[in-house]
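Enquirer: Pasting a structure here, questions to come.
Taken together, the values in this text are just the output of simple stated rules run on the coordinates, not laboratory data. Source: prediction; values computed, not measured. So basically every Cβ, Gly included, is an ideal-geometry build from the backbone, and we count neighbours across all protein chains shown.
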Amino acid sequence: MPIDREAARAATPGCRGQVFLDSAGSSLPTAATTAAVIDHLRREAAVGGYRAATERAEDLARLPQAVAALLGVPERTIALTDSATRAWTQFVGSLDFAPGDRILIAGNEYASNAIALLAAARRQGAVVEVVPGGPHGPVDVATFEAMLDDRVRLVSLVHVPTNSGAVAHVGPVVAAAHRAGAMVILDACQSVGQVALPAGLWGVDALSATGRKWLRAPRGTGFLYVREGLVDTLEPPGADLRAGVWETPTRYRLVPDARRFEQWEHDVAGRLGLLNAVTELLELGTEAVADEVRQRAARLRAALSEIDHLTLHDHGSDLSGIVTFTHASLPAVAVKEHLLGNDVTVSVSYASSTLLDMNARGLDAVVRASPHYFVSDADLDRAVELLATLR
Ligand SMILES: *Cc1c(COP(=O)(O)O)cnc(C)c1O
């Protein structure tokens, strides 16, 4: 069923009186998601956090089920985290690299992932290498295959980067990596909630995502998927009494599922908000949302391409809901401020977030507009008009 945009807007108070084009940064929740969070905070204030959480035990138990349903994977492969970065570093931190081990990243790699890998490489003597891009995306598969050998332990792939709408082709990369015995972690932070993921998730070994972006959930929420068969073999860094059981004075045992990647302390209200947001997405349908977001972004891109003083920066055969551009004479931040002054919210993506790609393209910053399915035609027209008249 197509998305009922009027109903979606009515359910989203933040849509009123402004044009919101920053779902790649931190999206607008529905009123019901906000209420789930605030109601729980009030209950914690009334009876204390432990009793309040116990009262919601059934709902909290439904959250990993809902996330598993969203990804089409078993519940025991899901760990709840407080961010995508935490999910990612919990997985990668559980891999022991030996001197000479190789880690391959693509040109669209995200800064936090790169920093974590460079730190792991420095401590453990592994090397991080960049796979060249190809005409069809961030990884040129033939070159990638030629780079693979039995020293490659990990391949890090970003599904949709933070600075462009381009969707990476994951399947061929995973197949080649697995043939060479390497693991693949997919950063799906900018795709979950706006791009429908295929059943089986291409066989990736791990996947990370955040709540606040396209899922429209509260900040401080995220999750990790670790493939069945791998999940019970890894020991995450900083395992606590959620991850393990202290059995004898000298021994502990890790729990036998992805909860070993979780931390005991967490924001319960935020998780109830995430549950509401994921449930809403499942009700709308990921395909319907994906179609709508693509259509919103395509409409915006087409209109912006008509404006002479703007240059679009999304390249690729498969473009999603992130639209990036620069102005011929104004810095990206000035464009953002001008829009904000007119109640249009976008963000700026800086070179330091995706250094390799931005350096390769000679860009220091781009304006990023990321319309979700609740953005109306009138909203898009308003943003385009403001940009057209901003000389
Ligand atoms: C935002 C982002 C992240 C990090 O998400 P957090 O929840 O802030 O940790 C990771 N990868 C990409 C591509 C992102 O855009």
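Enquirer: Starting from the amide H of residue 136, placed 1.01 Å from N in the peptide plane, find each other amide H under 5 Å away whose residue is 5 or more places distant or on another chain.
Expert: Answer set, sorted by chain and number: none.
Enquirer: Find how many whole Å separate the alpha carbon centroid of the stretch 186-217 from the alpha carbon centroid of the stretch 244-321.
Expert: 5
Enquirer: How high is the FRET efficiency from residue 122 to residue 149, r the C-beta distance, R0 22 Å, rounded to 0.05?
Expert: 0.50
Enquirer: Determine the distance separating the Cα centre of the stretch 333-370 from the Cα centre of the stretch 5-48; give it in Å without decimals.
Expert: With the stretch 333-370 and the stretch 5-48 each reduced to a Cα centre, they are spaced 25 Å.
Enquirer: Separation between the residue 175 and residue 378 pseudo-spin-labels, each 7 Å from Cα along Cα→Cβ, expressed in nm?
Expert: That separation, rounded to one decimal, is 4.8 nm.
Enquirer: Apply the a/c threshold of 1.5 to the C-alpha gyration tensor of the chain and tell me whether it is rounded, prolate or oblate.
Expert: Judged from the Cα gyration tensor, the chain comes out oblate (a/c at least 1.5, b/c at or above a/b).
Enquirer: Could I have the simple spin-label model distance between residue 111 and residue 69, label points 7 Å from Cα toward Cβ, reported in nm to one decimal?
Expert: 3.7
Enquirer: Right, another one. Read phi for every residue in the stretch 226-240 and hand back ³J(HN,Hα) as whole Hz from Karplus 6.51 cos²θ - 1.76 cosθ + 1.60, θ = phi - 60°, with x for Gly and Pro.
Expert: Values, residue by residue: 10, 3, 3, x, 9, 4, 7, 9, 10, 10, x, x, x, 4, 10 Hz.
Enquirer: Going through the DSSP H helices of the chain, which span 18 Å or more along their own axis at the Cα atoms while scoring at least -0.5 as a mean Kyte-Doolittle hydropathy?
Expert: The answer, listed by residue number, is 31-47, 57-71, 111-124, 268-284, 286-304.
Enquirer: Now a separate question. Add -39500 (n - 2.57) for each DSSP H run of 4 or more in the chain, then divide by its residues: what number comes out at 222 nm, to the nearest 500 deg cm²/dmol?
Expert: Here the helix-only value at 222 nm equals -11500 deg cm²/dmol.
Enquirer: Still on this structure: Could you order the peptides 315-327, 208-220 from most to least packed, using the average number of other C-beta atoms within 10 Å per residue?
Expert: Going by the mean number of other Cβ atoms within 10 Å, highest first, we get 208-220, 315-327.
Enquirer: Please build a GNM for the chain, connecting alpha carbons under 10 Å apart, and tell me which residue among 225, 252, 350 fluctuates the most.
Expert: 252
Enquirer: Here's something else I'd like to know. Ranked from highest to lowest mean number of other Cβ atoms within 10 Å per residue, what is the order of the peptides 140-151, 65-76?
Expert: Packing proxy ranking, top to bottom: 65-76, 140-151.
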